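Student: This structure is in structure tokens; I'll ask about it shortly.
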Amino acid sequence: MSVEAYLNPDFTVGKKLLFLLVTAALLGIGIGFIYLVSLLVLGRDIPVGNRKQAVLGALEDKVQRFFEMIIAGTSVMSFSCAYVIINHVNTLVQSGVAGNLTPMEQRLIEAWAEGKDFVLLLLICLSCVINTILDSLIIPLKKLSKAEKATMRMLAMFYVIILLMYLNYIGDESQYSPVMMYYFGLMIGRFVYFDASFKDFLEALKNMFFNLPYMALSLALTGALCAFGFGVGYFLERNYFIMGIFYTHLFMLVCIFVIHLVWMIVKCAGNKDKE
């Protein structure tokens with residue numbers, strides 16, 4: 001087995017650019033929907049003179065929550081993909097289908113067989129590091145507090161669980177069920193930690209409830225892009241559906257990076273004009 005076994009050779013640069021444009025267009029529609037909601041909600045309660053600034057401030061906050069949802073979802077999905085691929089390769093090796101392993105590949109297979117739980121823990125920690133690098137350094141979402149980011153990251157686990165439940169419905173349960181159990185455990189731990197009070201539990205539930213629209217929007221966006229990607233043959237079913245979903249998230253990350261960069265440039269230019 002090699003990396004090429006999980007890629008589509010027919011997914012050429014031109015097709016990737018087209019898929020990137022479709023991703024950017026759908027993200028733009030999502031941001032436009034958030035803007036309309038902000039305008040409708042704030043337009044009723046704020047005087048006309050202050051409305052524009054208030055709407056822009058609310059829009060930035062809401063869009064960054066949406067971006068954090070996708071960033072965290074991508075990080076969690078990276079763990080899921082790694083698990084599925086490693087487990088698949090290990091199954092092929094154990095059954096004798098895959099042979100002629102390099103010394104490095106043989107050591108990795110042995111490490112997986114002897115310490116699977118520790119490897120999974122390491123992958124979870126790496127996904128958290130990836131999340132922090134993305135939303136703090138590469139796409140810095142400074143509008144959100146640590147508590148708000150934590151809420152969106154917890155929702156991202158639920159978001160991935162929903163995706164995996166759907167994959168369980170149409171695919172191989174043996175591949176995705178163990179990953180789902182890890183995420184359920186992490187979510188329960190986030191709600192009920194050793195010194196949490198009932199008030200803390202209710203507060204966490206409330207924060208999740210008020211941010212559910214961002215998860216719904218992310219699910220709709222992911223579903224539309226995956227339907228397009230699989231429909232036109234950019235993604236291959238033989239590579240597992242989860243690989244197509246992961247590729248989709250990578251394309252969304254690229255678009256989010258560009259949108260956020262343009263947003264910051266326009267914002268800085270606007271602040272200089274005011275001075």
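The values are calculated or read from the model by the stated rules, or taken from the named source; none is laboratory data. All values derive from a computational prediction rather than experimental measurement. Counting neighbours? That spans all protein chains shown, and the Cβs are built from the backbone with ideal geometry, glycine included. These accessible areas exclude ligands, DNA and RNA; they are computed on the full protein's heavy atoms, side chains included. Shrake-Rupley method; radii C 1.70, N 1.55, O 1.52, S 1.80 Å.
Student: When you count, for each residue, the other Cβ atoms within 10 Å and take the mean per peptide, how do 26-38, 74-86 rank with the highest first?
Tutor: 74-86, 26-38
Student: For region 221-234, what does the Karplus curve 6.51 cos²θ - 1.76 cosθ + 1.60, with θ = phi - 60°, yield as ³J(HN,Hα) per residue in whole Hz, taken in order and with x for Gly and Pro?
Tutor: 3J(HN,Hα) across region 221-234, in whole Hz: 5, 4, x, 5, 5, 5, 4, 5, x, 6, x, 8, x, 6.
Student: If you take the square roots of the eigenvalues of the alpha-carbon gyration tensor of region 54-173 and sort them as a ≥ b ≥ c, do you get rounded (a/c under 1.5), prolate (a/b over b/c) or oblate?
Tutor: Cα axes put region 54-173 in the prolate bin.
Student: Hey, another quick one. Full extension from ILE138 to LYS199: what is 0.36 nm times the residue separation minus their Cα-Cα distance, to one decimal in nm?
Tutor: Gain on extension, ILE138 to LYS199, equals 18.5 nm.
Student: Quick one: helix 241-274 against the long Cα principal axis of the chain, what's the angle to the nearest 10°, folded into 0 to 90?
Tutor: For 241-274 against the chain, the angle is about 30 degrees.
Student: Among (i) 176; (ii) 146; (iii) 165, only one was calculated for this model; which label is it, if the read-out is volume of the Cα convex hull per residue in Å³?
Tutor: Read-out taken from this structure: (iii).
Student: Once you place label points 7 Å from the Cα toward the Cβ at PHE118 and ASN100, how far apart are they in nm?
Tutor: 3.2 nm
Student: While we're on this one: Using a 1.4 Å probe on the protein heavy atoms, what percent of the accessible area of region 207-275 belongs to carbon and sulfur?
Tutor: Of all accessible area on region 207-275, carbon and sulfur atoms account for 73 percent.
Student: What do you reckon, how do MET264, MET252 stack up by accessible area (1.4 Å probe), largest on top?
Tutor: On the way: MET264 55, MET252 0 Å².
Ranking MET264, MET252 by accessible area, largest first, yields MET264, MET252.
Student: Using a 1.4 Å probe, what is the accessible area per residue for the chain, in Å²?
Tutor: Details: 15210 Å² over 275 residues.
Accessible surface, normalised per residue, equals 55 Å².
Student: Among all lysine pairs in the chain that are eight or more places apart or on different chains, how many have alpha carbons less than 25 angstrom apart?
Tutor: Counting lysine pairs in the chain gives 28.
Student: Related question: Quick one: putting +1 on the C-beta of Lys and Arg, -1 on the C-beta of Asp and Glu, what dipole do you get for the chain around its Cα centre, in Debye to the nearest 20? Intermediate values should be presented prior to the final figure.
Tutor: Values: 21 positive and 20 negative charges, 212 e Å.
About 1020 debye.
Student: What list of ³J(HN,Hα) couplings, whole Hz, do you get for region 116-123 from phi and the Karplus terms 6.51, -1.76, 1.60, once you set θ to phi - 60° and write x for glycine and proline?
Tutor: My calculation for region 116-123 gives 4, 5, 5, 5, 5, 4, 4, 5 Hz in order.
Student: Let me ask another. Given the Cα-Cα distance of ASN207 and CYS125 and 0.36 nm per residue of separation, how much length would full extension add, in nm?
Tutor: Separation in residues times 0.36 nm, less the Cα-Cα distance, equals 27.1 nm.
Student: Rounded to the nearest 0.05, what FRET efficiency do MET264 and ARG51 have when you use their Cβ-Cβ distance and R0 = 30 Å?
Tutor: 0.80
Student: Still on this structure, please answer the following. HN-Hα J couplings of region 20-27 from phi, Karplus 6.51/-1.76/1.60, θ = phi - 60°, integer Hz, Gly and Pro as x?
Tutor: 5, 5, 5, 4, 4, 5, 5, 5
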